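Colleague: Sharing a structure below in structure tokens format, with a few things to ask.
The values are calculated or read from the model by the stated rules, or taken from the named source; none is laboratory data. Here the structure is a predicted model, which is why all the values come from computation and not from measurement. Ideal geometry is used to build each Cβ from the backbone, glycine not excepted, and the neighbour counts take in all protein chains shown. Note: areas computed on protein heavy atoms with side chains; ligands, DNA, RNA excluded. Shrake-Rupley method; radii C 1.70, N 1.55, O 1.52, S 1.80 Å.
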Amino acid sequence: MKKAQRKDFFIEIKKSLNRYLSILFIVALGVAFFSGIRASEPDMRLSVDAVADESDFMDIRVISTMGLTEEDVECIRSVDGITAAEGEYSADVLCAYEEKELVLHMTSLTEELNRLTVKEGRLPEKPGECLIDEQLLLQADYGLGDVLTVSSGTSDPLSDTLKRDSYTVVGIGTSPYYLNFKKGTSNIGNGDIRGFVVIPKEDFALEVYTQVYGTAEGLKGLITAGDAYKEEAKRLVEDVEAIAGERCRVRLADVRGEAEEEL
């Protein structure tokens, strides 16, 4: 009986071979697609984690409407569990290239955290030098040795933020802060940031940092996009927020004191 059923089964397949193969390939394609989707998600998590670990990517970013001082950096560094903290200056500027007006995000070069990957050339070493975003080359044909000229894009003079308006390109690279083509938005130009530019801290005229980055003990061994990492990072944020009130009062007193001295 089983032998007859088996024979009948193959006869039916032979009679409708094309239909059988079509169904077989559709099922195989579906299985392959589903397996690929299931496998890509953990691979993407591991890839992001590898980039974060290699570049000493931040675990927390602290910002303030009145800026952050070196004392704020020290207080963040003293929070239990924080292993490193570093301030960064940043500003959005306009760059005219041929007939285009590009919005660029300029940041100061950090030494410990968010380390850049240099694809060509080197990191800026002295005032007047810069490293540009590799993806910026899709918008503007800059190369090593070219001069990049910027403007404020607002009614405020550029000198309020930067000490110069021209920078020589000495490097091209990528930043772990930007893992996709989108660089964020700005309130100048067309509002679409096209790339980042990294310059030495000495080229900024700002008196306070625009943000402070920090890393925490034990988080480097966890998967960056995993639940365990998120729970530990949440605790870290709560510890930093616990000192925010006092630091804000100190900063407000400093700003008021400077204004009263001028008056």
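Colleague: In bins 5 Å wide, starting from 0, what share of all Cα pairs of region 69-156 does each bin hold, as a percent?
Modeller: 2, 10, 18, 21, 16, 13, 9, 6, 3, 1, 0
Colleague: Right, another one. So, counting K/R as plus one and D/E as minus one, what does the shell of residues with Cβ under 11 Å around I193 add up to?
Modeller: 0
Colleague: Under a straight-distance cross-link criterion of Cα-Cα below 25 Å, which lysines are reachable from K3, leaving out those fewer than 8 residues away in the same chain?
Modeller: K14, K15
Colleague: Determine Rg/Rh for the chain; Rg is computed over alpha-carbon atoms and Rh is the Kirkwood hydrodynamic estimate from the same atoms.
Modeller: Reported Rg/Rh, Kirkwood definition of Rh: 1.21.
Colleague: Got a sec? What order do K15, K230 fall in by accessible area at 1.4 Å, biggest, i.e. largest, first?
Modeller: K15, K230
Colleague: Using alpha-carbon pairs under 8 Å, 6+ residues apart, how would you state the relative contact order of region 66-163 in percent?
Modeller: So the answer I get is 24 percent.
Colleague: Here's a follow-up. Which value, to two decimals, describes the C-alpha radius of gyration of region 1-138 once divided by 2.2 N^0.38 Å?
Modeller: Its radius of gyration relative to the 2.2 N^0.38 Å reference: 2.02.
Colleague: Can you work out the accessible area per residue across the chain, with the rest of the protein chains kept in place, probe 1.4 Å, in square angstrom?
Modeller: 62
Colleague: If we count every other residue with Cβ under 12 angstrom of L109's Cβ, Lys/Arg +1 and Asp/Glu -1, where does the sum land?
Modeller: So the environment of L109 carries a net charge of -4.
Colleague: Sort 86-93, 144-151 by packing, meaning the average of other beta carbons within 10 Å per residue, with the highest value first.
Modeller: Per-residue Cβ counts within 10 Å, averaged per peptide and sorted highest first, yield 86-93, 144-151.
Colleague: If you don't mind, another one. Expressed as a rounded percentage, what relative contact order does the chain have, with Cα pairs under 8 Å and six or more residues apart?
Modeller: Result for the chain is 27 percent.
Colleague: Quick one: of the DSSP bridges fully inside region 71-170, what percent are antiparallel, nearest 5?
Modeller: Antiparallel: roughly 85 percent of the beta bridges in region 71-170.
Colleague: I'd like the per residue volume of the convex hull spanned by the Cα atoms of region 104-194, given in cubic angstrom.
Modeller: 107
Colleague: Can you give me the P(r) profile for region 163-263? Cα pairs, bins 10 angstrom wide beginning at 0, each as a whole percent.
Modeller: Spelled out per bin, shortest first, that is 10, 23, 33, 28, 6, 0.
Colleague: Please find the FRET efficiency linking A205 to I13, where r is the Cβ-Cβ separation and R0 is fixed at 45 Å, and quote it to the nearest 0.05.
Modeller: 0.05
Colleague: Going down the table (K182/K220; K126/K234; K126/K230; K163/K230), which pairs top 31 Å between alpha carbons?
Modeller: Too far apart for the 31 Å limit: K126/K234; K126/K230; K163/K230.
Colleague: Quick one: accessible surface of F34, probe radius 1.4 Å, all protein chains present, in square angstrom to the nearest 10.
Modeller: 130
Colleague: List the GluC sites (Glu not before Pro) within region 89-158 that DSSP assigns to loop and that have no more than 13 neighbouring Cβ atoms inside 10 Å.
Modeller: E98, E99, E111, E112, E125
Colleague: Pop out the carbon and sulfur fraction of the accessible area of region 118-199 as a percent, whole number, probe 1.4 Å.
Modeller: 46
Colleague: Do any GluC sites (Glu not before Pro) in region 175-262 lie in a loop, going by DSSP, with at most 14 other beta-carbon atoms within 10 Å of their beta carbon, and if so which?
Modeller: E207, E217
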